[in-house]
Amino acid sequence: MSFAYSSIRTREVAGVLFATLDAGPLNLIGVDLVRDLVSLVDALYSDPPVTCGS
């Protein structure tokens with residue numbers, strides 16, 4: 001599974017998706033980061049093989 005966002009880097013290892021914030025030198029929560037986080041969460045909830053939660 002691969003996602004392309006300007007402020008979040010993702011990688012999947014053994015079925016676990018790791019999301020790393022990459023929003024500039026301070027990782028400030030701005031419009032771009034919030035947009036990318038919302039898009040990532042929406043994509044994860046709409047993908048049947050992915051389980052969100054504990």
For residue 38, work out the one condition from (1) at pLDDT 90 or above; (2) open to solvent by 90 Å² or more (accessible area, probe 1.4 Å); (3) among the hydrophobic types (A, V, I, L, M, F, W, C) it doesn't fulfil. (2)
Tell me, please, whether a residue that is assigned to a helix (DSSP H, G or I) and at pLDDT 90 or above can be found in the stretch 17-27. no
Which of the residues that make up the stretch 1-26 are within 9 Å of the chain's Cα centre (by Cα), surrounded by 10 or more Cβ atoms within 10 Å (Cβ to Cβ) and of a type in the set (A, V, I, L, M, F, W, C)? 3, 8, 17, 19, 21
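The values are calculated or read from the model by the stated rules, or taken from the named source; none is laboratory data. Because the structure is a prediction, the values reported are computed rather than measured. All Cβ positions, even for glycine, are placed from backbone atoms using ideal geometry, and neighbour counts span all protein chains on display. Heads up: the accessible areas ignore ligands, DNA and RNA and are worked out on the full protein's heavy atoms, side chains in. Shrake-Rupley method; radii C 1.70, N 1.55, O 1.52, S 1.80 Å.
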